[in-house]
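One structure is given here, and the rest of the page talks about it.
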Amino acid sequence: MLRNDILENLKKRFGSQILEMEDKSPKRVYVQIDPVALRTIATYLFKELGARFNIASGMDEREHMEILYHFTLEDMNLIISLRVKLDKKNLKIDSLTTLFEAANWVEREIHELLGIDFIGHPDLRRLLLPENWPDGVYPLRRDYKEWDPTAVRTRGA
């Protein structure tokens with residue numbers, strides 16, 4: 001299948017679940033999707049197209065949380081990034097760990113640092129933060145306030 005065929009097939013197959021498609025370069029496409037369609041579209045990329053899941057990244061974008069799921073179609077050197085935007089009042093999305101184990105640790109990391117709940121994840125225990133880190137405090141959120149008055153966190157300065 002050719003690059004343009006894949007993109008057209010995504011639009012046709014998933015219709016209104018694809019909110020926006022940004023063709024950044026011959027090697028990179030961003031596809032904003034309805035969060036409820038994540039598992040369905042990720043399954044299509046992974047199982048039907050044979051795309052490799054690379055990584056996911058989460059960001060606090062002031063008005064919403066955003067997760068980018070990066071998939072590579074190696075035979076055509078194409079990265080397709082699925083973009084989901086989550087309302088800050090409902091930070092829940094389906095876990096992809098039952099689809100591919102590679103999502104396990106990155107979902108744990110995003111959960112721990114941004115507070116996004118991955119529904120169906122088998123083990124959302126801490127991965128990076130110390131055991132005495134308080135519940136409900138997420139260091140990568142824009143509204144993060146230092147909770148430990150003795151901590152020295154220079155952020156590289």
Quiz prompt | the stretch 44-71, subset in contact with a His (Cβ under 9 Å, 6 or more places away or on another chain) and of a type in the set (A, V, I, L, M, F, W, C), residue nearest to Leu114 (Cα to Cα) | solution = Ala56
Quiz item: Got a number for residues in the stretch 36-68 being under 17 Å from Met21 (Cβ atoms), under 13 Å from the mean Cα position of the chain (by Cα) and surrounded by fewer than 18 Cβ atoms within 10 Å (Cβ to Cβ)?
Solution: 2
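From the list Thr98, Thr43, which residue is assigned to a loop (DSSP other than H, G, I, E, B) and of a type in the set (Ser, Thr, Tyr)?
Thr98
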Quiz item: Looking at (1) basic (Lys, Arg); (2) part of a strand (DSSP E or B); (3) on the phi > 0 side of the Ramachandran plot, which is the only condition Arg62 fails?
Solution: (2)
Exercise. Consider Lys24 carefully, then state whether it is surrounded by fewer than 16 Cβ atoms within 10 Å (Cβ to Cβ), of a type outside the set (Asp, Glu) and either closer than 24 Å to Arg142 by Cβ or at pLDDT below 95 (or both).
Key: yes
Quiz item: Using beta carbons and a limit of 9 Å, which pairs, at least six apart or on different chains, have the first residue in the stretch 69-80 and exposed (fewer than 12 other Cβ atoms within 10 Å of the Cβ) and the second one modelled with pLDDT of 95 or more and in a strand (DSSP E or B)?
Solution: Glu74/Arg52
Practice problem: Take the residues in the stretch 75-100 that are acidic (Asp, Glu) and at pLDDT 95 or above, then tell me which one is nearest to the chain's Cα centre (by Cα). | Solution: Asp94
Quiz item: Among the residues of the stretch 118-133, is any in a loop (DSSP other than H, G, I, E, B), free of Cβ contacts under 8 Å to residues at least 40 places away in the same chain and small (Gly, Ala, Ser)?
Solution: yes
Self-check item: The listed residue being over 19 Å from Glu8 (Cβ atoms) and part of a loop (DSSP other than H, G, I, E, B), out of Lys85, Lys89
Solution: Lys89
Practice problem: Report the residue count in the stretch 30-56 for those that are among the polar types (S, T, N, Q) and touching a Ser or Thr at 6+ places or on another chain (Cβ under 9 Å). | Solution: 1
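The values are calculated or read from the model by the stated rules, or taken from the named source; none is laboratory data. What you are looking at is a predicted structure, and each value in this text was computed from that prediction instead of being measured. Positions of Cβ are generated from backbone atoms using ideal geometry, with glycine treated the same way; all protein chains shown enter the neighbour counts.
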